[in-house]
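J.: Got a structure for you, questions after.
The values are calculated or read from the model by the stated rules, or taken from the named source; none is laboratory data. Predicted model only: the values in this text are computed from it and were never measured. For neighbour counting, all protein chains shown are included, and Cβ atoms are generated from backbone atoms with ideal geometry for every residue, glycine included. Heavy atoms of the whole protein, side chains included, go into the accessibility calculation; ligands, DNA and RNA do not. Shrake-Rupley method; radii C 1.70, N 1.55, O 1.52, S 1.80 Å.
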Amino acid sequence: MTEREIKGGIKELSPIDVYMLLPRTNCKECGEENCMAFAVKLVSREVPLEKCPPILKKEKAEAYKKLQELLAPPVREVVIGLGKRSLRIGGKLVMHRHEFTYHNPPPIAIDVTDEMPLHPNPERKDEREGIIDRIRKFEGFSYDYIGKRLNLDAIALRSTSGNPETFKSVVRAVTEFTDVPLILCSLDPAIMDAGLSVAGDRRPLIYAATKENWKEMAELALKYSCPLSILAPNDLSLLRSLARTLIDYGLNDLVLDPGTFPEEGIAATINNFTMIRRCVFK
Ligand code: SF4
């Protein structure tokens, strides 16, 4: 596959190229009248490739692999969480969202820290809200926005205590209470390991690998098969270098974070995210 084919994405993908790799038996098992109709829907991302049972047969393994490569979005899709509540981010096919159906919109998460109480103590004025109350509000929240219902999608659990056991017990309490996808946040690999020891089987997003801790975080991401964020505040060249290193290390589900800077830094923030997107679709 040429670089142009990878980067061109949906705009340069022809249904004929896809059709040529399909079984071309017109068996209708996919629900379409023929393979060409299925190819057109594949190109416009209306159906998954797996809706064609014959392509999943052993003898079609090579064609299936080629089709997967051909249809892969230029921005990799990363799945956080498991099952019905899992969250999909990325998977972008075009530079501007108006060019194609809007899918995988940016998720919205709330954050809680491991220093918040699970339930507030009514005798303490500084403890108005506990973790469980916040999650309950989160579960019930929805907002109508231009014909779409927005819900909150994930919970970011941050270690502010700096204590692995504290983080572990809060992560455990949250996983027992809800199956919402999780983002575990700590730059300390020992704390992250403690959190993953109780939530690693839920495929949380690990936040984050940096130039100081990337190797330990990569080992954790491989050990628990979890996606990994890379943090390089306002430094795209470092971000790229870390991403390349982590890919070479065997990781593919990576989420890039060039940092978010409010107020005077907002221009740099927008510029960094735009540059990353342009690098994919240039
Ligand atoms: S199931 Fe596959 S082989 Fe059968 S018609 Fe659909 S695309 Fe063609």
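J.: Just wondering, is there one or more residues in segment 261-272 that are closer than 20 Å to Gly91 by Cα, touching a residue at least 40 places away in the same chain (Cβ under 8 Å) and assigned by TED's automatic domain parsing to the domain that holds Arg172?
T.: no
J.: Exactly one of these conditions fails for Arg172: (1) modelled with pLDDT under 95; (2) more than 30 Å from Glu46 (Cβ to Cβ); (3) not acidic (Asp, Glu). Give me its number.
T.: So the condition that Arg172 fails would be (1).
J.: Considering each residue of segment 96-123, count those that are farther than 26 Å from Thr175 by Cα and more than 18 Å from the chain's Cα centre (by Cα), and give that number.
T.: Residues that pass the stated criteria total 6.
J.: Return a yes/no flag: does segment 83-91 have any residue that is within 16 Å of the ligand (Cβ to nearest atom), modelled with pLDDT under 95, surrounded by fewer than 18 Cβ atoms within 10 Å (Cβ to Cβ) and among the hydroxyl-bearing types (Ser, Thr, Tyr). It would help to see each step written out before you state the result.
T.: Pass one, segment 83-91, residues within 16 Å of the ligand (Cβ to nearest atom): none.
Looking for residues that are within 16 Å of the ligand (Cβ to nearest atom), modelled with pLDDT under 95, surrounded by fewer than 18 Cβ atoms within 10 Å (Cβ to Cβ) and among the hydroxyl-bearing types (Ser, Thr, Tyr), one finds none in segment 83-91, hence no.
J.: Testing Glu46 on (1) under 24 Å from the mean Cα position of the chain (by Cα); (2) within 14 Å of the ligand (Cβ to nearest atom); (3) modelled with pLDDT of 95 or more, one condition comes back false. Which one is that?
T.: Among (1) under 24 Å from the mean Cα position of the chain (by Cα); (2) within 14 Å of the ligand (Cβ to nearest atom); (3) modelled with pLDDT of 95 or more, Glu46 violates only (3).
J.: May I pose another question? Looking at Val94, is it in the same structural domain as Pro15 (by TED's automatic domain parsing) and under 30 Å from Val18 (Cα atoms)?
T.: It is false that Val94 is in the same structural domain as Pro15 (by TED's automatic domain parsing) and under 30 Å from Val18 (Cα atoms).
J.: Based on this model, can you work out whether Thr166 counts as part of a helix (DSSP H, G or I), surrounded by 15 or more Cβ atoms within 10 Å (Cβ to Cβ) and without any contact (Cβ under 8 Å) to a residue 40 or more places away in the chain?
T.: No.
J.: Regarding segment 61-68, can at least one residue be identified that is within 14 Å of the ligand (Cβ to nearest atom) and surrounded by 17 or more Cβ atoms within 10 Å (Cβ to Cβ)? Break it down stepwise before answering.
T.: Narrowing segment 61-68 to residues within 14 Å of the ligand (Cβ to nearest atom): 63-64, 67.
From what is left, the residues that are surrounded by 17 or more Cβ atoms within 10 Å (Cβ to Cβ) are 64, 67.
Within segment 61-68, one or more residues are within 14 Å of the ligand (Cβ to nearest atom) and surrounded by 17 or more Cβ atoms within 10 Å (Cβ to Cβ).
J.: Identify, by number, the condition in (1) crowded, with 19+ Cβ neighbours inside 10 Å; (2) without any contact (Cβ under 8 Å) to a residue 60 or more places away in the chain that Arg202 doesn't meet.
T.: All conditions pass for Arg202, except number (2).
J.: Residue check: is Met20 open to solvent by 40 Å² or more (accessible area, probe 1.4 Å), within 9 Å of the ligand (Cβ to nearest atom) and either in the same structural domain as Gly91 (by TED's automatic domain parsing) or closer than 25 Å to Leu93 by Cβ (or both)?
T.: Criteria not met by Met20.
J.: Here are some residues: Lys282, Lys215. Which one is open to solvent by 50 Å² or more (accessible area, probe 1.4 Å), at pLDDT below 95 and farther than 16 Å from Val78 by Cβ? Full working, then the answer.
T.: Values: Lys215 fails: at pLDDT below 95.
Matching residue, one of Lys282, Lys215: Lys282.
J.: Still on this structure, please answer the following. Suppose we filter Leu182, Leu222, Leu196 for residues that are surrounded by 21 or more Cβ atoms within 10 Å (Cβ to Cβ) and without any contact (Cβ under 8 Å) to a residue 60 or more places away in the chain; which single one remains? Steps first, please.
T.: Numbers: Leu182 fails: without any contact (Cβ under 8 Å) to a residue 60 or more places away in the chain; Leu222 fails: surrounded by 21 or more Cβ atoms within 10 Å (Cβ to Cβ).
Only one candidate qualifies: Leu196.
J.: Just give me the residues in segment 23-39 being near the ligand (Cβ under 6 Å from one of its atoms), open to solvent by 50 Å² or more (accessible area, probe 1.4 Å) and either hydrophobic (A, V, I, L, M, F, W, C) or not assigned by TED's automatic domain parsing to the domain that holds Glu50 (or both), in sequence order.
T.: Within segment 23-39, just Cys27 meets the criteria.
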